[in-house]
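This report concerns only the one structure given below.
The values are calculated or read from the model by the stated rules, or taken from the named source; none is laboratory data. All figures in this text were calculated on a predicted structure; none of them were measured in a lab. All Cβ positions, glycine included, derive from the backbone under ideal geometry; neighbour counts span all protein chains shown. With ligands, DNA and RNA removed, areas are computed over all heavy atoms of the protein, side chains included. Shrake-Rupley method; radii C 1.70, N 1.55, O 1.52, S 1.80 Å.
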Amino acid sequence: MCPNAGDHGDGEQAEWLATAFTSLADRLNTAAPGASLKTEGVYNIMALSPFDSLVHFRLSPLCQLFDDEEFELFEYANDIDKYYGTG
């Protein structure tokens, strides 16, 4: 990343995660007591799922934790990052 880019978009993305991912974190924490996932942790799990799929040459079980609509929320979080930070 360009050193002059700074952390543009971090606040905007955090705001989106707090708005859109709170219910995801609640759902996963209910399903896995003690996980204590926060919205950023949910985002990171979603980001990891395609890599896990590629490494193992099969659909990752992580991908099955989320539905298509939830992946669209994830996609928008990445759009925010690109728009404010690297786009």
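Just a yes or no: is a residue in segment 39-52 closer than 20 Å to Gln13 by Cβ, open to solvent by 100 Å² or more (accessible area, probe 1.4 Å) and not aliphatic (A, V, I, L, M)? Yes, because at least one residue in segment 39-52 is closer than 20 Å to Gln13 by Cβ, open to solvent by 100 Å² or more (accessible area, probe 1.4 Å) and not aliphatic (A, V, I, L, M). In segment 55-87, the qualifying residues are those that are outside any helix (DSSP H, G or I) and either in contact with a Cys (Cβ under 8 Å, 6 or more places away or on another chain) or over 15 Å from Gly9 (Cα atoms) (or both), and the one that is least open to solvent (accessible area, probe 1.4 Å) is Ser60.
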